[in-house]
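The values are calculated or read from the model by the stated rules, or taken from the named source; none is laboratory data. What you see is a predicted model; the values in this text were computed from it and never measured. We place every Cβ from the backbone using ideal geometry, glycine too, and count neighbours over all the protein chains shown. For accessibility, only protein heavy atoms count, side chains too; no ligands or nucleic acids. Shrake-Rupley method; radii C 1.70, N 1.55, O 1.52, S 1.80 Å.
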Amino acid sequence: MEKRLRQKFVLVAMLSVAAALALILVVINVVNYQSVCRMADDRIEAIIQNGGSFPGVSSADGGQADQEEMSDASVVILKELSATYIDRSYGLDKRAADIMDKEAPYDTRYFTVTVDDDGAIVGVDVNHVAATTAQDACAYALRVSVSGAKHGFYGAYRYRVVDADEGSLYVFVNCSRELSNFEAFLGASAAIGVGAWLLVLVLVVIFSRIAVRPIVESYRKQQRFITDASHEIKTPLAVIAAANDVMEIEAGESEWTQSIAAQVTRLKSLTERLVFLARMDEDATQFEKTDLDLSELTEYASEPFCAVAESRGKKLVRDLESGLHVQGDISALSQVVELLLDNATRYASDGSEIELALKKRSRGGVTLQVSNAVDAMPEGDLKRLFDRFYRADISRNSQTGGSGVGLSVAQAIVEAHSGSIRAQALDAHTICFTVTLP
C-alpha cells in the first residue's frame, strides 16, 4: 500500500513540475523569438522609411554619411532607431549604449529587390550583404512573391514586402546571428529544464517516504483496528447464534429467532469481507493461481442464484461460452461471480431478467458481464459503486440488506488477477458490470 501511495505521489508531483517547467520554457523562448522578430522588423522599418537603405549608411560605398548631409526624415528615423537600441541595451552603461547605437548600421546585413507591377525585377541592392549575390536576391524575391506572404522568414532572412513607387519593394535582413543565438538558448534552456526535472525527481523520490508516512501510519492503524475488531466480533456473534439455536429448540422457531439468525449471518459476512479487504490492502492475501476452466466455474457458481433470483421475483438468464480458461484462484473468482449475482438479484427491478454472459475477447482474455434493469440509475459517476460502504439508494439497501462492501471485494479480487471491472449504463434503466480477465 505504501509503495502504491508513493508511486502516485511521485507521479502527480512530477507531472505538475513537468507542466510548470514546460510552461516556463515555452513562455521564455516565445518571448525570446518575438524579440528577435521585433529587432529585425525595426531594422526593416528603418530601411523602408529611408527609401531602401539603412539610415546613416551610403548605398554606394557603405560609408557613414554626415548628419548635415542627411535629409530631415533620415535624421528623425536615425534618432528613433537610436532610442530603440538604447531602450534594448538592458542596463548597459551610456558609453556601451552609444557604441551600440553607432555600430548598428554596420551590423545590419540586408539587401533589397524592387519588382514592378508586371512582376519584373527593376532594381537590386546587395551592397550591404556579402553572403548573397544579386542572382540569389532575385531568386529569394521571386519565391516570396510566389508564396504571396507579405512578411516572415525565408531561411535566415527576415523579409517584408511594401508598396513602392515602381511597384513593390522587398527588404531582406539577415538574422542568422540572432537565430543562432535563439537556437542556442532554446537548446540550453531545454537541457536545463530536463536537468532540473531530473533533480526534482530524485528529491521527490527521496522525500516521498517522509511525505506519505503520516497517511500510511494512519491507514495501517485503521486496518489493524478493522482486523482486530472483526476478530473480536466473531466471539459474541458465535454466542448469539448458539443462544438463538437454544431458544429455537426450547420455544420453537419464530419470526424473532429467524430475524436474529439472519442478522448474525449478515454481520458474519460483513466482518469476513472487511477482514478480506484489510488483508488485500496489506498485500497479505496470496491467491493460488492455476489454470482453470472459467466456463465451468461460472456455471457452477451461478447455479444457486437461479433459485435465488426466482425467490426474489426475478429471472436469471445465462449465456456462457464453453471452454474458456484463465489463470486464477478458484475460490476467489467464484466469489466474484457470486458477489455480482447477489448484487444483481438484490437491486434488479421486480419481474425483470438478469443476464449473465461469459465471452472470449477478440484481443485475448475473457469478459464476464452481469446486466440487469434498475428502477432508477444511480446518480453521478458509477465508479463510486465500488467505494466501500457506498449506497446509491439507502432506503433500498435497508430493505435488501446490502452492506456496500461486496463490489469493493469483487474489485480487489479482479485487480489482484491483473484484470479490471467497471460499471456502465446501457440505457436509462439498465446497468451492466463487466469483468475483464487476461
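Some notes on this structure:
- Distance-filtered residues of the range 404-420 - backbone nitrogen under 17 Å, label point 7 angstrom along ASP342 Cα→Cβ: 404-414
- Length gained when the stretch THR290-PHE207 is fully extended (0.36 nm per residue, less Cα-Cα span): 25.9 nm
- Out-of-range pairs (alpha-carbon distance over 32 Å; input LYS289/LYS383; LYS314/LYS383; LYS8/LYS314; LYS315/LYS359; LYS314/LYS359; LYS221/LYS359): LYS8/LYS314; LYS221/LYS359
- Annotation: per residue accessible area for the range 182-327 equals 66 Å², rounded to a whole number [probe 1.4 Å, protein chains only].
- Ordering of 407-420, 296-309 by burial proxy (mean other Cβ atoms within 10 Å per residue, highest first): 407-420, 296-309
- Across the range 291-396, Cα-Cα pairs more than 19 Å apart make up 48 percent of the total.
- A straight chain from HIS151 to SER418 at 0.36 nm per residue would run longer than the Cα-Cα distance by 90.3 nm.
- Calculated SAXS-style log₁₀ I(q)/I(0) at q = 0.12, 0.20, 0.22 Å⁻¹ - the range 190-324, Debye, Cα scatterers: -0.88, -1.16, -1.20
- Computed over protein heavy atoms with a 1.4 Å probe, the carbon and sulfur contribution to the accessible area of the range 208-351 reaches 53%.
- When peptides 318-324, 146-152 are ranked by their average number of other Cβ atoms within 10 Å per residue, the highest-first order is 318-324, 146-152.
- Protection proxy ranking of 2-8, 271-277 - average other beta-carbon atoms within 10 Å, highest first: 271-277, 2-8
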